[in-house]
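The values are calculated or read from the model by the stated rules, or taken from the named source; none is laboratory data. Owing to the predicted nature of the structure, the values given are computational and were not obtained by experimental measurement. Here the Cβ positions follow ideal geometry from the backbone for every residue, glycine too, while neighbour counts run over all protein chains shown.
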Amino acid sequence: MSHSVEHVLIVGAGLAGLRTAEELRRAGYDGELTLIGAENRAPYDRPPLSKQFVRGEIEDTALRPAEFFTENRIDLRLGVSATGVDTTARRVTLGDGESLGYDRLIIATGLRPRRIPSFPDATGVHVLRTHDDADGMRQHLATAQHAVIVGAGFIGCELTASFRARGVDVTLVEPQPTPLAAALGVEIGALVARMHTEEGVDVRCGVGVEALLVTESDSAAAQADSRPAVRGVRLGDGSVVEADLVVIGVGSIPVTEWLADSGIPLAAPADGGGVLADEVGRTGVDGVWAVGDVAAWLHDTGRNRRVEHWTNAGEQAQLLAAAMLGTEPPAAVRVPYVWSDQYDVKIQVLGTPALADEVRIVEDKGRKFLAHLFRDGTLVAVVGAGMTGKVMKMRGQLAAAHQTPVG
């Protein structure tokens with residue numbers, strides 16, 4: 001590109017946006033650097049929100065102290081969203097009416113929780129993405145007795161474990177055959193279901209939620225909030241589950257509305273949505289890059305896909321910064337990694353379970369288990385619960401497999 005790099009504008013002040021700013025400075029970029037965040041909160045860590053934070057064990061999940069941004073000359077602007085971009089003029093319009101120019105634009109706007117449109121707006125119904133979401137949920141959890149969690153993905157399962165730790169009765173509802181079936185497959189999902197059942201969770205799989213049941217708030221509550229209050233859910237099989245707290249955890253949507261008519265390529269909703277980019281984050285539009293949960297990078301399978309994992313954000317940031325500045329990227333072969341803390345067990349995933357056509361349960365010791373996943377006889381993923389050493393020692397073998405694309 002012939003356009004000089006004097007101002008890098010990062011839209012999105014989550015983990016991916018912060019890591020990219022850090023990597024640019026680490027790689028030697030000395031120009032102007034602006035980080036835009038829609039929330040009124042400096043970049044913070046999201047994984048603890050469904051665990052330690054919602055349980056009331058910690059208060060602060062900030063990723064960096066306030067002085068970090070001054071010391072690294074990062075212009076952090078919070079509480080404002082991008083509403084549009086002119087890629088010809090290289091300017092981004094903000095919700096407060098300001099327009100910022102850029103030499104390089106990095107899209108890191110992340111996701112927003114998917115909601116169920118047919119559900120009425122009622123107190124006691126929550127989603128989880130932001131710190132404010134988690135704070136509202138934690139306040140409600142203090143008085144809740146019966147919770148229904150709709151969606152048994154990682155967030156749903158983690159919240160289930162956190163709610164049980166607080167003594168709340170939990171019904172976990174999932175249309176798939178098992179919890180985590182979409183992420184890890186039904187064989188491993190069945191082991192996760194067993195763990196939750198042993199902890200007293202009412203696990204309802206193979207059924208969806210048909211309706212949210214509400215009741216009018218009492219007069220005292222109505223003074224503060226006139227919305228109806230949730231009292232339960234009706235499932236697709238006709239059964240009714242009592243609840244004074246309901247969490248909707250049915251996935252997320254990439255935040256890309258502000259890119260409409262910009263010419264920046266977007267993946268189709270059926271393909272997961274997000275900003276299309278190559279293997280280092282270039283979108284194909286001059287000066288525009290994408291990183292993190294919103295970015296559908298080109299992967300070694302030959303397809304573009306988004307990866308919603310904590311470790312992925314940092315790895316992408318390293319590659320993007322090196323490509324943008326023309327420096328050498330880290331040489332290590334990257335093996336996808338994600339973890340989930342549920343009760344006293346850490347579930348770890350190395351590799352890409354979605355590629356697998358065979359699952360072998362290598363060890364099954366109740367709450368602890370180890371599974372190897374294969375595609376055409378080649379190891380493509382390892383999943384373990386409470387087996388940290390045995391999972392991580394497989395990284396080398398998986399790295400070799402990743403050097404030879406499978407599928």
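Listing for the model above:
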{"quantity": "Complete set of residues in the stretch 51-95 that are touching a helix residue (DSSP H, G or I) at 6+ places or on another chain (Cβ under 9 Å) and basic (Lys, Arg)", "calculated": "LYS51, ARG55, ARG64, ARG73"}
{"quantity": "Any pair with Cβ under 8 angstrom, 6 or more apart, that starts in the stretch 318-329 at a residue that is farther than 13 Å from ARG19 by Cβ and ends at one that is basic (Lys, Arg)", "calculated": "ALA323/ARG282; MET324/ARG104"}
{"quantity": "Options ALA296, ALA243; residue that is modelled with pLDDT of 95 or more and more than 19 Å from the chain's Cα centre (by Cα)", "calculated": "ALA243"}
{"quantity": "Residues of the stretch 240-283 satisfying the condition of being closer than 30 Å to ALA147 by Cβ, among the small types (Gly, Ala, Ser) and in a loop (DSSP other than H, G, I, E, B)", "calculated": "ALA243, GLY249, GLY251, GLY272, GLY273"}
{"quantity": "Matching entry among GLY302, GLY273, GLY287 (being surrounded by 17 or more Cβ atoms within 10 Å (Cβ to Cβ), farther than 30 Å from SER4 by Cβ and assigned by TED's automatic domain parsing to the domain that holds VAL85)", "calculated": "GLY273"}
{"quantity": "Among the candidates ALA385, ALA356, residue that is under 25 Å from ALA190 (Cβ atoms), at pLDDT below 95 and crowded, with 20+ Cβ neighbours inside 10 Å", "calculated": "ALA356"}
{"quantity": "Test: ALA16 is assigned to a loop (DSSP other than H, G, I, E, B), at pLDDT 95 or above and among the small types (Gly, Ala, Ser)", "calculated": "no"}
{"quantity": "Members of the stretch 30-50 that are part of a loop (DSSP other than H, G, I, E, B), within 28 Å of GLY326 (Cβ to Cβ) and in contact with a helix residue (DSSP H, G or I) (Cβ under 6 Å, 6 or more places away or on another chain)", "calculated": "PRO43"}
{"quantity": "Residue under evaluation GLU328, criteria (1) over 22 Å from LEU184 (Cβ atoms); (2) surrounded by fewer than 20 Cβ atoms within 10 Å (Cβ to Cβ); (3) in contact with a Pro (Cβ under 8 Å, 6 or more places away or on another chain), criterion not met", "calculated": "(3)"}
{"quantity": "Subset of the stretch 1-32 [under 19 Å from PRO329 (Cβ atoms), surrounded by fewer than 19 Cβ atoms within 10 Å (Cβ to Cβ) and out of contact with any Leu (no Cβ under 9 Å at 6 or more places or on another chain)]", "calculated": "MET1, ARG26"}
{"quantity": "Scope the stretch 166-202; condition part of a loop (DSSP other than H, G, I, E, B) and not hydroxyl-bearing (Ser, Thr, Tyr); matching residues", "calculated": "ARG166, GLY167, VAL168, PRO175, GLN176, PRO177, PRO179, LEU180, GLY185, GLU199, GLY200, VAL201"}
{"quantity": "Complete set of residues in the stretch 154-203 that are crowded, with 21+ Cβ neighbours inside 10 Å, within 21 Å of the chain's Cα centre (by Cα) and more than 21 Å from TRP339 (Cβ to Cβ)", "calculated": "VAL173"}
{"quantity": "Selection within the stretch 61-76 - part of a loop (DSSP other than H, G, I, E, B), closer than 23 Å to VAL5 by Cβ and charged (D, E, K, R)", "calculated": "ARG73"}
